[in-house]
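Participant: Below is one structure. I have some questions about it.
The values are calculated or read from the model by the stated rules, or taken from the named source; none is laboratory data. Fair warning: this is a prediction, and the values are worked out from it, not measured in the lab. Because the Cβ atoms are built from the backbone with ideal geometry, glycine has one as well, and the counts that use them run over all protein chains shown.
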Amino acid sequence: MESYDAFLLLSFGGPERMEDVVPFLENVTRGRNIPRERLEEVGEHYFRFGGVSPINQQCRDLVTAIRADFADNGVGLPLYWGNRNWHPMLAETVATMARDGVRRAVAFSTSAHSSYSSHRQYLEDIQRAQDAVRDGGDTPPQIDLIRPYSDHPGFIDAFVDHTRRALDTLPEEVRGEATLLFSAHSIPTAMAAASGDPALELGPGGAYVAQLRDSARLITERVGGNHPYELVYQSRSGPPSHPWLEPDINDRLEELAKDGVRAVVVVPHGFVSDHMEIKFDLDVEAAETASRLGVHLARALAPGTHPRFVSMVRELVAERQATGAHRVGLSDLDACPRDADASRCCLPR
């Protein structure tokens, strides 16, 4: 039995003022030699919403919901929150934890699926933050990262509920025939191929694509209604010369319209909150594409603070705390190790 004395929420971070947008994007793209004019172009997505990304407030809301769930269920862990790319930065949070006397913390990231950026990079973020605390003369806490959870009942149940609600908003005459488009962040195909445990045979898309397909299947089966479903991608940011996962959601909408599809529900199952890449790429761009094509489009909410998703966090803490505990999931796909062996998982490409 592992003994933890704190809980840490790990997330991506986002700007909350107009003047923070480009510095935030510089953090996100550091080392990739992205021209400033390109950053300013991407920044227009944020400027459209007053320079405020929804993700930080959504993290505050999630922390509040987890704290209440912990209190209701006798979990006495103090909660901390740190980001990869914007304040509160993880290094600052880990320094605070060290000053507070935290010795061992369990960490939960706002990424359900396995890839370098959504899994292994968080392990590297933790290591850098711990090193920074050591360099400052303090002893950082040990921090254990909870495994990816793309098939956990809490994750799936939240999406089932939100997908059914989205279907109900479609006109009745097209509701039953609606196609479910499961959308996730596109990543380079090489990164996808390297995701998960390299000892497993996971196919050319690695754990990332395997888990996305698996969670899409699980959600569709539980939604019911025999809806056709597909996996699509969004938010590509790489140069055209580098292959990324396809099809893009807008391209696929064009094809579906030609095939006579009249209604779709977009399910952003690659995400856990309705942050900027959902608000712009789906609620603006994909919605505009569907409207132009005459296709009815409804968008399911991400889990956010859905009660089942919040209780899942507590269940995953208990699973991580219990040595040798059974992995809770709705499928047999266990593509990433949950313990120290995660250091070999989701290698960068």
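Participant: Of all residues in segment 68-89, which are touching a Pro at 6+ places or on another chain (Cβ under 9 Å) and part of a helix (DSSP H, G or I)? Working first, answer last.
Facilitator: At the first step, the residues of segment 68-89 found to be touching a Pro at 6+ places or on another chain (Cβ under 9 Å) are 69, 80-82, 86.
69, the sole residue that qualifies.
Participant: Among the candidates 148, 140, 204, single out the residue that is crowded, with 21+ Cβ neighbours inside 10 Å and free of Cβ contacts under 8 Å to residues at least 60 places away in the same chain. First the steps, then the outcome.
Facilitator: Details: 148 fails: free of Cβ contacts under 8 Å to residues at least 60 places away in the same chain; 204 fails: crowded, with 21+ Cβ neighbours inside 10 Å.
That would be 140, the only listed residue that is crowded, with 21+ Cβ neighbours inside 10 Å and free of Cβ contacts under 8 Å to residues at least 60 places away in the same chain.
Participant: I want to confirm something. Restricting to segment 30-52 and keeping residues that are part of a loop (DSSP other than H, G, I, E, B) and without any contact (Cβ under 8 Å) to a residue 12 or more places away in the chain, which single residue is nearest to residue 105 (Cα to Cα)? If you could, list the steps in order and put the result at the bottom.
Facilitator: If we filter segment 30-52 for residues that are part of a loop (DSSP other than H, G, I, E, B), which is where we start, we get 30-35, 48-52.
With the extra rule that they be without any contact (Cβ under 8 Å) to a residue 12 or more places away in the chain, the set shrinks to 30-35.
Values: 30: 28, 31: 30, 32: 32, 33: 35, 34: 35, 35: 38 Å.
That would be 30.
Participant: Would you check if there is a residue in segment 300-315 being small (Gly, Ala, Ser), in contact with a helix residue (DSSP H, G or I) (Cβ under 9 Å, 6 or more places away or on another chain), surrounded by 22 or more Cβ atoms within 10 Å (Cβ to Cβ) and in contact (Cβ under 8 Å) with a residue 12 or more places away in the chain?
Facilitator: Step one: of segment 300-315, the residues small (Gly, Ala, Ser) are 300, 302, 304, 311.
If we keep only those that are in contact with a helix residue (DSSP H, G or I) (Cβ under 9 Å, 6 or more places away or on another chain) too, we end up with 300, 302, 304, 311.
Imposing the further condition that a residue be surrounded by 22 or more Cβ atoms within 10 Å (Cβ to Cβ) reduces the set to 300, 302.
Those still in the list that are in contact (Cβ under 8 Å) with a residue 12 or more places away in the chain too: 300, 302.
Yes, segment 300-315 contains at least one residue that is small (Gly, Ala, Ser), in contact with a helix residue (DSSP H, G or I) (Cβ under 9 Å, 6 or more places away or on another chain), surrounded by 22 or more Cβ atoms within 10 Å (Cβ to Cβ) and in contact (Cβ under 8 Å) with a residue 12 or more places away in the chain.
Participant: Given the criteria in contact (Cβ under 8 Å) with a residue 24 or more places away in the chain, in contact with a strand residue (DSSP E or B) (Cβ under 7 Å, 6 or more places away or on another chain) and in a helix (DSSP H, G or I), does residue 297 qualify? Spell out the reasoning first.
Facilitator: Numbers: in contact (Cβ under 8 Å) with a residue 24 or more places away in the chain: yes; in contact with a strand residue (DSSP E or B) (Cβ under 7 Å, 6 or more places away or on another chain): yes; in a helix (DSSP H, G or I): no.
No: the conditions fail for residue 297.
Participant: Please verify whether segment 234-254 includes one or more residues that are modelled with pLDDT of 95 or more, closer than 30 Å to residue 15 by Cα and among the hydroxyl-bearing types (Ser, Thr, Tyr).
Facilitator: There is no residue in segment 234-254 that is modelled with pLDDT of 95 or more, closer than 30 Å to residue 15 by Cα and among the hydroxyl-bearing types (Ser, Thr, Tyr).
Participant: Then there is this: Take segment 221-234 and flag every residue that is assigned to a loop (DSSP other than H, G, I, E, B) and within 14 Å of residue 266 (Cα to Cα).
Facilitator: Correct list: 227, 228.
Participant: Let me ask something else. Of the conditions (1) surrounded by fewer than 18 Cβ atoms within 10 Å (Cβ to Cβ); (2) touching a helix residue (DSSP H, G or I) at 6+ places or on another chain (Cβ under 6 Å), residue 27 satisfies every one except a single condition; which number is it?
Facilitator: (2)
Participant: Let me ask something else. For segment 216-266, give me each residue that is of a type in the set (S, T, N, Q) and in contact with an Asp or Glu (Cβ under 7 Å, 6 or more places away or on another chain).
Facilitator: Taking segment 216-266 first, the residues of a type in the set (S, T, N, Q) are 220, 226, 234-235, 237, 241, 250.
Across segment 216-266, the qualifying residues are 234, 235, 250.
Participant: May I ask you to list the residues in segment 6-29 that are part of a helix (DSSP H, G or I), closer than 22 Å to residue 118 by Cα and touching a residue at least 24 places away in the same chain (Cβ under 8 Å)?
Facilitator: Residues satisfying the conditions are 21, 24, 27, 28.
Participant: In segment 94-115, is there at least one residue being over 22 Å from residue 132 (Cα atoms), of a type in the set (A, V, I, L, M, F, W, C) and in the same structural domain as residue 12 (by TED's automatic domain parsing)?
Facilitator: If we filter segment 94-115 for residues that are over 22 Å from residue 132 (Cα atoms), which is where we start, we get 110-115.
Next, from what is left, pick out any that are of a type in the set (A, V, I, L, M, F, W, C): 112.
Right, trim to in the same structural domain as residue 12 (by TED's automatic domain parsing) and you get 112.
Looking for residues that are over 22 Å from residue 132 (Cα atoms), of a type in the set (A, V, I, L, M, F, W, C) and in the same structural domain as residue 12 (by TED's automatic domain parsing), one finds at least one in segment 94-115, hence yes.
Participant: Further question on the same structure: Right, residue 323: more than 17 Å from residue 153 (Cα to Cα), among the hydroxyl-bearing types (Ser, Thr, Tyr) and outside any loop (DSSP other than H, G, I, E, B) or not? I'd like the intermediate steps shown before the answer.
Facilitator: Working: more than 17 Å from residue 153 (Cα to Cα): yes; among the hydroxyl-bearing types (Ser, Thr, Tyr): yes; outside any loop (DSSP other than H, G, I, E, B): no.
Here the answer is no, as residue 323 does not meet what is asked.
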